[in-house]
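Read the figures in this text as sums done on the coordinates, not as results from a lab. The model shown is predicted, which means the values in this text are computed figures rather than measured ones. Please note: Cβ atoms are built from the backbone with ideal geometry, for glycine as well, and neighbour counts cover all protein chains shown.
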Amino acid sequence: MHSLLSVLCTGLLLVTAVANAADNAMLAERHAKRGVACTSCHVKSPNDKPTMTQCLACHGGSYENLAKKTDESDINPHATHMGEPECSECHSGHKQPRLVCDNCHEFTDIKVP
Ligand code: HEC
Ligand code: HEC
Ligand code: HEC
Ligand code: HEC
């Protein structure tokens, strides 16, 4: 009885997790919706993490060009005293993104897509 109940509960938790993931679609999913294939980021195998060069190949070619697209706010996340960090310091493929700046600052109004 107990084990049946725990199986049911685990099932419910999984359903909830999947539903939440669909609500705030992760970056990889948003790419898929725009026709970007899994293999554009994972060239050899799914465990092959995309490099910064790969990301930049589709996003401006350089940090400098990328920064031109995000210079409207007070703080441009792509032109900072951190230089040119890995995209993965902030953006994630299939997880919640995080702003690396908040290791030291508290930029409550900056949201990483
Ligand atoms: C094959 C080309 C391609 C690759 C590789 C690629 N992207 Fe994209 N990306 C796109 C397209 C197309 C869009 C949708 C149009 C746009 O916003 O430029 C997009 C959108 C985005 C957005 C905006 C998402 C949104 O919903 O506002 C971010 C952030 C992003 N990409 C980051 C990355 C990162 C980080 C990587 C590397 C891990 C990456 N991209 C790799 C093509 C690519
Ligand atoms: C310090 C954190 C951080 C790093 C590192 C970072 N980004 Fe971003 N990125 C952001 C934030 C924050 C935004 C949202 C900016 C906005 O909405 O004005 C953003 C937005 C974007 C967008 C959408 C731009 C648009 O047209 O709206 C793309 C594409 C993108 N990033 C790609 C990259 C790529 C590629 C890299 C690595 C070369 C990278 N980012 C590194 C924080 C970061
Ligand atoms: C925009 C680039 C991008 C696209 C498109 C993308 N991924 Fe990923 N993927 C990543 C990144 C970055 C990681 C590293 C972990 C993370 O950030 O979530 C990753 C990690 C993974 C992993 C390793 C397990 C993990 O979560 O760490 C698997 C498996 C995977 N992706 C499968 C897929 C599949 C299947 C698709 C197509 C539906 C896909 N990915 C599309 C960027 C992408
Ligand atoms: C390891 C800690 C650390 C990280 C990570 C960090 N900063 Fe800073 N930042 C500092 C320190 C220390 C100062 C200097 C503080 C002062 O002068 O009062 C500073 C100053 C600043 C300033 C004001 C001075 C200037 O250079 O214009 C801004 C804006 C800023 N940081 C933005 C960012 C952004 C955006 C990020 C993420 C891309 C970031 N910081 C990441 C520690 C950090």
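Counted by Cβ distance under 10 Å from His42, the other residues give a net charge of +1, where Lys and Arg count +1 and Asp and Glu count -1. Please list, or write none, the lysines whose alpha carbon is within less than 27 Å of the alpha carbon of Lys44, excluding same-chain residues fewer than 8 places away. Correct list for Lys44: Lys33, Lys95. Model label sites at Met26 and Lys49, defined 7 Å from Cα along the beta-carbon direction, differ in position by 1.4 nm.
The charge dipole of the stretch 69-113, taken about the Cα centre with unit charges on the Cβ atoms of Lys, Arg (+1) and Asp, Glu (-1), comes to about 240 debye, rounded to the nearest 20.
Which of the GluC sites (Glu not before Pro) across the stretch 15-111 are loop residues per DSSP, with 16 or fewer other Cβ within 10 Å?
Glu72, Glu86, Glu106
Annotation for the stretch 44-100: trypsin sites (Lys or Arg not before Pro) lying in DSSP loop with at most 12 further Cβ atoms inside 10 Å of their Cβ are Lys44, Lys69, Lys95.
Taking 17 Å as the straight-line reach from the Cα of Lys68, the aspartates and glutamates in range (excluding those fewer than 8 positions away in the same chain) are Glu84. Local charge for His94 was computed over the other residues whose Cβ lies under 13 Å away, with Lys and Arg +1 and Asp and Glu -1, and equals +2. For Thr80, no residue 5 or more places off, or on another chain, has a built amide H under 5 Å of its own.
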